[in-house]
Structures are given as C-alpha cells and as structure tokens.
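The next block holds one structure in the form of structure tokens; read it before the comments.
The values are calculated or read from the model by the stated rules, or taken from the named source; none is laboratory data. It should be emphasised that the depicted structure is a prediction, and the values quoted were computed from it without experimental measurement. Counting neighbours? That spans all protein chains shown, and the Cβs are built from the backbone with ideal geometry, glycine included. Ligands, DNA and RNA are stripped out before the accessible areas are found, and what is left, the full protein with its side chains, is counted by its heavy atoms. Shrake-Rupley method; radii C 1.70, N 1.55, O 1.52, S 1.80 Å.
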Amino acid sequence: GHLGAEDTAYQEGAVKFQQLVRQFSDNDIDVQIFPNGVLGDEGELFEQQMAGVLDVSIINPGKITDFSETANIFSFPFLYRD
C-alpha cells in the first residue's frame with residue numbers, strides 16, 4: 001500500500017517489486033498493489049503492518065519513530081549523500 005497516485009515513483013517502485021517477486025518465486029507469490037491511499041493514511045498503513053494485515057507499505061519514516069527510535073536515522077538531513 002502507498003499514498004501515491006498511479007503515475008508516481010511510489011507506484012513504479014511497487015510495480016517493479018511486484019515483478020521481481022513474481023520472477024524470483026516462479027509466480028508462486030502474488031503481490032497486490034494498493035495505491036492512492038485506498039487502505040488509509042500512512043498511520044493506518046503502519047498500524048496494519050503492525051497487526052500483520054499488511055505486509056509492505058511505503059510510508060514516511062517519521063510516522064514510525066513512536067514505535068522504533070532507530071527509525072529516526074532517516075530524519076537526519078545531510079547524514080548520507082544518496
């Protein structure tokens with residue numbers, strides 16, 4: 001799940017992930033993509049992951065810092081070049 005529209009990099013990344021999973025699992029694993037926030041906002045997506053209902057989401061790391069302090073590493077500006 002992600003909040004991006006179907007013409008964003010979020011969707012392109014999700015589609016590439018879907019293709020790679022299918023390729024490396026010999027089509028045994030199917031990945032369903034839910035764009036446009038159809039499963040909820042970022043907080044709801046993360047809660048669904050914590051509950052085991054959702055396997056993967058693309059969310060802002062700032063949304064998970066309440067649950068994992070180590071996620072703060074992604075909020076440091078200019079800490080890493082790429």
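Here are a few things to note about the model shown:
- Residues of segment 1-60 that are in a helix (DSSP H, G or I), open to solvent by 70 Å² or more (accessible area, probe 1.4 Å), touching a residue at least 12 places away in the same chain (Cβ under 8 Å) and farther than 21 Å from F74 by Cα: F17 alone.
- Criterion (under 15 Å from the mean Cα position of the chain (by Cα) and either at negative phi or at pLDDT 90 or above (or both)) met by exactly one of E69, E47: E47
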